[in-house]
Amino acid sequence: MLNPMDTARLLPWTSPEGKPCFLLGGEGTGYVSRLADRVEAAQMSSAAGLIEEAGRILDGRSWTPGEIHLLAVELNDSLMKVRRVAESRGARLLLLADNPTEDDGTDTDTDRDGADDGPGADRGLDVDGADGVEHGAAQGAPAR
């Protein structure tokens, strides 16, 4: 049996304490997966715009030290987010390459409340990277 952390998706946001958040289980079609996909797309788009802005600022050669500092801070923040997206997507690609999925007909398990809590359900968890301890569900809007 696979360890749930072996198939966990690194989410594109952190907990309020700055700890990584992971999504356990599911097939990438649940609410949290779709939210993470939208956040990743926004982060990538923002990074592309920032690259263009940085090019314009640097080409102008008339920047102040404050403008360069602000640009460096924004580029650093954007680079951290893009790296997180790359790590998450790379891990999922490796998982797909190692474990091709088979359709066994057990995609859902609907309970009394009508929620899909079966293999396709998403469970977002905030996990402390140091010891792997679960710290609660990742809920609501991303912290960053």
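Amide H to amide H, with H built 1.01 Å from N, Trp13 comes under 5 Å of Cys21, counting only residues 5 or more places away or on other chains. Residues whose amide H falls under 5 Å from that of Gly26, counting only those 5 or more places apart or on a different chain, are Ala121, with hydrogens built in the peptide plane.
What number comes out for the charge environment of Ile57, summing +1 per Lys or Arg and -1 per Asp or Glu over other residues with Cβ under 13 Å away? With Lys, Arg at +1 and Asp, Glu at -1, the net is -3.
Here the Karplus relation 6.51 cos²θ - 1.76 cosθ + 1.60, evaluated at θ = phi - 60°, turns the backbone of the stretch 75-88 into coupling constants of 5, 4, 4, 5, 5, 4, 5, 5, 4, 4, 4, 4, 4, 5 Hz, with x for every Gly and Pro.
Any read-out appearing in this document is the output of simple, stated calculations on the displayed coordinates, not a laboratory observation. Computed from a prediction, not measured in an experiment: that's the story for all the values here. Virtual Cβ from ideal backbone geometry, glycine too; neighbours counted across all protein chains shown.
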